[in-house]
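Structure first, then comments.
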Amino acid sequence: MVEPTREHAFSYRDGVLCAEAVSLDALAEEHGTPLFVYSHDTLVSRFHRLRRAFAPLEPLIAYSVKANPSLGVIRSLAREGSGADVVSVGELERALLAGVAPGAIVFSGVGKRRDELEAGLAAGIRCFNVEVAEELELLSQLAVARGVVAPIAFRVNPDVDAKTHRHITVGRKVDKFGVPFEQAVALYRRAAELPGVDPRGIDCHIGSQLTQLDPFRQALARIGELVGTLRAQGLAIEWVDVGGGLGVRYRDETPPTIEAYAEVVRDAVSALGCQAILEPGRILAAPAGVLLTEVLYRKQVGEKRFVIVDAAMTDLPRPALYDARHDVWAVREGTPLIQGDVVGPVCESGDFLAREEQVPDAQVGERICVLGAGAYCRSMTSTYNSRPRAAEVLVRGDEVHLIQRRERLEELWAHERIPEFLGS
Ligand code: LLP
């Protein structure tokens, strides 16, 4: 049965698009644009929907912080019982600051530095997902020096094609991620001998924005095979970390439901008698956010029409990076559609929010917004063209909470110095 939870809480009320009970026009007046607007209700109901779908397994849901690392977002999920999947000391500190229990934090990442491993050991996290043999040796030394034992899992590369955009498929042999499947048994044996590390889990993440279940099935089958081999050799595996990766509908995609995904994972993991760890990012955060922007100008060149807005690829890089197509809605209900591009002010032709699409025919000064912008947008912003980063607000019912103020211009050069020899 499909959960009746609304996909997101952005809908028209009295002719104006609202986030829960708050008009996006009012938010733009108050906080300016471009502005990221998040719905607390969407975020937490996505989390509960996922938890319900996995209920019999009682997994650790470790929200993948990279999707949206704002403290207000992490805390919203942590208060509902979420853990965190982090990939840097910065994300680790964020998760701890936001109140995630160290025992609910897993540390992933292809190249963790010594200081990052140290920080994880100091915090006493749930697990290090080890991706390379040398990392295992280093972690063992550091843990011994501290007199602690680090719980670990190897991130195993199952050599499965996730069939998603080439930049976010990560589970093939040729990708840089994880330890090769054929080397996994030897590495587990090595880990079992080494002091300071305790191999307790197995980890696998094959890609992001997956719109099919088969790659998950294949990867889990291979992991199951490996768990069998390891157990036969006397190595106990307590948990399977299945990573993240389930896709969302941005525009035309038809991803599997959370429930269908859960069934695949539940079957595989319960057959192994293991606990489960999940690392979802996008499915929790993406539908919970929009990027609100104002129309600056309009331009027509022959048949070609451009709506020029004050948000850019610096705020929403997904179209430029992954050919992503997001829905774009007008804040005024009933705004007609035209065929055209929504573009930002940045000096690159890759700077578009929508290209050759039916887009709102919004007039100068009116606002439009990009949906599905709660994940991998604000977290991937840059200050290219010396554009300060956008503010973020979290809406809960009729309450508005500024969770990150707009970056100030002078903050852009606050850490810069003109060398003395160039004069003052
Ligand atoms: N676990 C690991 C080890 C990961 O590398 C990732 C994402 C996740 C979990 C969370 O995956 P999710 O559930 O969000 O698919 N910037 C790209 C996505 C990059 C994903 C990187 N890793 C985008 O905008 O599509």
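Annotations for the structure displayed:
- Relative contact order (%) - criterion: Cα under 8 Å, at least six apart; region: region 108-280: 20 percent
- Pairwise centroid distance, computed over Cα atoms, of region 87-107 with region 14-79, Å: 19 Å
- Gain on full stretching of the segment that runs from V110 to A271 - 0.36 nm per residue minus C-alpha separation: 55.1 nm
- Taking the average, over residues, of other Cβ atoms within 10 Å as the packing measure, peptides 69-77, 112-120 rank 69-77, 112-120 from highest down.
- Here the gap between A260 and V149, fully extended at 0.36 nm per residue and compared with their Cα-Cα distance, gives a gain of 36.2 nm.
- Annotation note: trypsin sites (Lys or Arg not before Pro) in region 377-424 located in DSSP loop regions with a Cβ neighbour count of at most 13 within 10 Å are R405, R408, R417.
- Cα lying deepest toward the dipole's positive end in the chain, options Y261, V309, L27, charges on Cβ: Y261
- Across the alpha-carbon atoms of the chain, the computed radius of gyration and Dmax are 22.8, 72 angstrom.
- Here the label points at E182 and E80, each 7 Å from Cα along the C-beta direction, are separated by 4.4 nm in the simple model.
- Only the Cβ atoms of Lys and Arg (+1) and of Asp and Glu (-1) were treated as charged; on that basis the dipole of the chain about its Cα centre amounts to roughly 480 debye.
- Rounded to the nearest 10 degrees, the angle from helix 258-272 to the longest Cα principal axis of the chain is 10 degrees.
- For a straight C-alpha distance cut-off of 16 angstrom, the lysines reachable from K163 (same-chain residues fewer than eight places away being disregarded) are K173.
- Computed from the C-beta positions of H165 and D14, the FRET efficiency with R₀ = 35 Å rounds to 0.35.
- Burial order of peptide ranges 42-50, 210-218, 288-296, 27-35 (average beta-carbon count within 10 Å, highest first): 288-296, 42-50, 27-35, 210-218
- When only alpha carbons of region 108-280 are considered, Rg and Dmax amount to 16.1, 53 Å.
- Percent carbon-and-sulfur accessible area, the chain, ignoring ligands, DNA and RNA, probe 1.4 Å: 50 percent
The values are calculated or read from the model by the stated rules, or taken from the named source; none is laboratory data. None of the values given here were measured: they were computed from a predicted structure. In this analysis, Cβ positions are derived from the backbone assuming ideal geometry, glycine residues included, and neighbour counts consider all displayed protein chains. Accessible surface is based on the protein model in full, side chains and every heavy atom, while ligands, DNA and RNA are left aside. Shrake-Rupley method; radii C 1.70, N 1.55, O 1.52, S 1.80 Å.
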